[in-house]
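The values are calculated or read from the model by the stated rules, or taken from the named source; none is laboratory data. Small disclaimer: the values here were computed from a predicted structure and weren't measured. Here the Cβ positions follow ideal geometry from the backbone for every residue, glycine too, while neighbour counts run over all protein chains shown. The protein model used for the area step is the full one, side chains on, heavy atoms only, and it has no ligands, DNA or RNA in it. Shrake-Rupley method; radii C 1.70, N 1.55, O 1.52, S 1.80 Å.
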Amino acid sequence: MKFRFSEHDYEIVCLDFSHDDRLLVSCGNAQDGKLFIWDCLTGCIVSSASVMNSPTTCVRFGGFRKDIKGRPIDRYQLASAGQKRVIIWSLNPFTGELENEALNTGTTIRDFMSLSFSPNGERFLFAGTTSGDFLIF
């Protein structure tokens, strides 16, 4: 065993590695309400956030954020989803600064179970629901 991550107080419901395998994100269940981003080389916490107001069922890294011209910048992007919400996160891995924004689902109210970014450019985010459909952001 290389590391044992033990910051969550209750069960971990989802995990995902960044595209470069440098980072690992973990989300706890509704009781835990925590999201952690770990450095896979050192085992240290890079950043953390509370997700108590939005129980999370899935999380997915999506490469690096892009600037207005479509060029990658030094911030990772990831998404989390669960009860009636999809949240996009932006992480500065050097400072641990973690920003989030709830995505607008319009009049569509769903519980989300899966996430996937489109390949090669992470242009779109797909969010699968418990009702058998999916939304594209």
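Mind checking which residues of region 1-29 are open to solvent by 60 Å² or more (accessible area, probe 1.4 Å) and of a type in the set (Gly, Ala, Ser)?
6
Does residue 82 meet the test of being within 24 Å of residue 104 (Cα to Cα) and surrounded by fewer than 20 Cβ atoms within 10 Å (Cβ to Cβ)?
no
Residues checked against (1) touching a strand residue (DSSP E or B) at 6+ places or on another chain (Cβ under 9 Å); (2) part of a strand (DSSP E or B); (3) of a type in the set (S, T, N, Q); (4) crowded, with 19+ Cβ neighbours inside 10 Å:
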| residue | (1), (2), (3), (4) |
| --- | --- |
| 31 | no, no, yes, no |
| 35 | yes, yes, no, yes |
| 38 | yes, yes, no, yes |
| 42 | no, no, yes, no |
| 52 | yes, no, no, no |
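Looking at region 54-71 only, could you name the residues that are assigned to a loop (DSSP other than H, G, I, E, B) and open to solvent by 40 Å² or more (accessible area, probe 1.4 Å)?
Answer for region 54-71, where residues must be assigned to a loop (DSSP other than H, G, I, E, B) and open to solvent by 40 Å² or more (accessible area, probe 1.4 Å): 67, 68, 69, 70, 71.
Find the residue count for region 85-122, including only residues that are surrounded by 14 or more Cβ atoms within 10 Å (Cβ to Cβ), free of Cβ contacts under 8 Å to residues at least 40 places away in the same chain and in a loop (DSSP other than H, G, I, E, B).
Result for region 85-122: 5.
Inspect region 23-35 for any residue being of a type in the set (A, V, I, L, M, F, W, C) and free of Cβ contacts under 8 Å to residues at least 12 places away in the same chain and give the result as yes or no.
Checking region 23-35: not a single residue is of a type in the set (A, V, I, L, M, F, W, C) and free of Cβ contacts under 8 Å to residues at least 12 places away in the same chain.
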